[in-house]
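Participant: Before I ask anything, here is the structure I am working with.
The values are calculated or read from the model by the stated rules, or taken from the named source; none is laboratory data. Keep in mind that what you see is a predicted model, and the values were worked out from it rather than measured. Cβ placement follows ideal geometry from the backbone for every residue including glycine, while neighbour counts extend to all protein chains displayed. Calculation scope for accessible area: heavy atoms of the full protein, side chains included, ligands and nucleic acids excluded. Shrake-Rupley method; radii C 1.70, N 1.55, O 1.52, S 1.80 Å.
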Amino acid sequence: MTALWTILASAALTAPAVQEAAPPPADTSLEISLLTGVWFARLGGTTAAPGNNAEIDLAVQLGLEDSEPTLNVELGVRKSQVWELYFGGFRFETDHAGTFLGNGTFGGVVLNNGDPFTASFELTSVSMELLYTAWRPFADDAWWRNTYAPDMDNHNPDGRYTADVRFSPMFGMRWLDVDQTVAAGGGTAETGGEWLAVYVGLDVELDYRPPDPIPLLDMFQLKASFAMGPAVGGDGGYMWQVRGGLTVQFTEILGVTIGYRLVELDVENDDYFLHGGLQGLFLAASLRF
């Protein structure tokens with residue numbers, strides 16, 4: 001019996017220790033996306049200048065309705081597949097010379113039907129947003145997938161997800177600077193204002209990477225967001241915006257985007273009113289790192 005206990009004790013001392021599985025390493029990835037393109041923005045809405053309360057139609061009466069190619073740059077920096085910082089900016093300019101339709105005033109400028117006039121409008125804007133990926137239903141650790149589709153294989157041979165959906169609440173700020181001029185009958189009225197819009201919204205993104213390689217096609221991406229909030233500055237107001245688009249990545253780095261952008265304002269500043277904004281098609285080159 002003593003010999004048996006000696007053998008068992010020796011085996012226990014020499015047996016390899018059972019090690020617990022190490023937790024997966026934390027995701028510390030950093031992704032950068034850059035969209036540089038042309039926004040074919042069109043101005044619409046109504047406006048009024050100090051000294052009068054009757055609003056004038058920007059497109060119909062002032063003729064500021066042309067679609068103007070506007071440089072628009074958007075940069076996204078995503079950390080650990082969860083947090084993302086977004087930066088964007090553009091400067092829109094348009095002008096028109098014609099004859100006035102109807103009767104109205106803009107500041108001290110009187111506009112009668114058929115009067116020749118010139119008008120210009122400029123809008124400069126810079127924005128910054130913080131996004132948090134709250135739900136990623138097709139990720140490996142998603143409760144929805146583990147509950148309802150535990151056997152689903154959502155990986156390409158290179159290890160990336162075939163389909164990846166993100167729902168991301170956002171908090172953002174947008175600075176807006178408007179300058180507007182109307183001249184007629186020897187008089188000129190110049191007005192405008194500056195505002196800082198603080199807003200919240202939701203961003204939805206769908207990435208699809210074909211599991212079987214396709215020449216000159218790495219990924220499709222559908223992306224859309226909506227946000228709105230109050231505008232601080234002047235006499236205040238509010239702003240709302242929409243972004244959407246389809247990106248086709250030819251490689252992991254290079255792609256093209258076709259989409260839509262809208263920035264709508266309802267703001268006031270010292271009796272200057274702007275109830276309108278910009279919208280139009282957006283075309284851009286897409287770079288990802």
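Participant: Could you work out the percent of alpha carbon pairs in the stretch 171-289 separated by over 22 Å, rounded to a whole number?
Facilitator: 52 percent
Participant: How far apart, in nm, are two points set 7 Å out from the Cα along the Cα-to-Cβ line at Tyr238 and at Ala54?
Facilitator: So the label points at Tyr238 and Ala54 sit 2.9 nm apart.
Participant: Pop a pseudo-label 7 angstrom from the Cα along the beta-carbon direction at both Leu206 and Ala224 and give the gap in nm to one decimal.
Facilitator: 0.9 nm
Participant: When the chain is treated as a GNM, springs tying every alpha-carbon pair under 10 Å, which of Gly201, Gly51, Gly159 comes out with the largest mean-square fluctuation?
Facilitator: Gly159
Participant: Radius of gyration and Dmax for the stretch 30-81's Cα atoms, expressed in Å?
Facilitator: Just the Cα atoms of the stretch 30-81 yield Rg and Dmax of 18.3, 54 Å.
Participant: What FRET efficiency, computed as 1/(1 + (r/R0)^6) with R0 = 51 Å and r the Cβ-Cβ distance, is obtained for His96 and Thr162, rounded to the nearest 0.05?
Facilitator: Working: r = 50 Å, r/R0 = 0.98.
With R0 = 51 Å, the Cβ-Cβ based efficiency is 0.55.
Participant: Still on this structure, please answer the following. Which percent of the accessible heavy-atom area of the chain goes to carbon and sulfur, probe 1.4 angstrom?
Facilitator: Answer for the chain: carbon and sulfur cover 64 percent of the accessible area.
Participant: Calculate how steeply helix 2-14 sits against the longest principal axis of the alpha-carbon atoms of the chain, using the helix alpha-carbon long axis, and give the answer as 0 to 90 degrees to the nearest 10.
Facilitator: The answer is roughly 30 degrees.
Participant: Using a Förster distance of 45 Å, how high is the FRET efficiency between Glu65 and Leu85, based on the Cβ-Cβ distance and rounded to 0.05?
Facilitator: E between Glu65 and Leu85, to the nearest 0.05, is 0.80.
Participant: Hey, another quick one. Let me know the shape class of the chain, please: from the alpha-carbon gyration tensor, a ≥ b ≥ c as square roots of the eigenvalues, rounded when a/c is under 1.5, otherwise prolate if a/b is greater than b/c, or oblate.
Facilitator: prolate
Participant: Quick one: net charge around Gly44, please, counting Lys, Arg +1 and Asp, Glu -1 for every other residue with C-beta under 12 Å from its C-beta.
Facilitator: Net local charge, Gly44 excluded: -3.
Participant: Ignoring ligands, DNA and RNA, what accessible area per residue does the stretch 57-162 give at 1.4 Å, in Å²?
Facilitator: Working: 5430 Å² over 106 residues.
Per-residue accessible area for the stretch 57-162 comes out at 51 Å².
Participant: For the chain, what does the helix formula give at 222 nm: sum of -39500 (n - 2.57) over DSSP H segments with n ≥ 4, over the residue count, nearest 500 deg cm²/dmol?
Facilitator: One gets -2000 deg cm²/dmol as the mean residue ellipticity at 222 nm.
Participant: Then there is this: Mean projection of the alpha-carbon convex hull of the stretch 80-192 over all orientations, in nm²? Let's see the in-between values first.
Facilitator: Values: hull surface 47.9 nm².
For the stretch 80-192, the mean projected area of the Cα convex hull comes to 12.0 nm².
Participant: Starting from the eigenvalues of the Cα gyration tensor, five times each then square-rooted, give me the equivalent ellipsoid semi-axes of the stretch 201-265, largest first, whole Å.
Facilitator: They are 35, 10, 7 Å, listed largest first.
Participant: Sticking with this one: For the stretch 65-109, what class follows from the C-alpha gyration tensor (a ≥ b ≥ c being the square roots of its eigenvalues): rounded when a/c is under 1.5, otherwise prolate if a/b is larger than b/c, else oblate?
Facilitator: Prolate.
Participant: Among rounded, prolate and oblate, which fits the stretch 164-240 when a ≥ b ≥ c are the square roots of the eigenvalues of its C-alpha gyration tensor, a/c under 1.5 means rounded, and a/b larger than b/c means prolate?
Facilitator: Numbers: a/c = 6.06, a/b = 2.18, b/c = 2.78.
Oblate, because a/c is 1.5 or more while a/b does not exceed b/c.
Participant: While we're looking at this one, here's another question. Say R0 is 51 Å: what FRET efficiency, to the nearest 0.05, do Asp115 and Leu281 get from their beta-carbon distance?
Facilitator: For Asp115 and Leu281, the calculated efficiency is 0.90.
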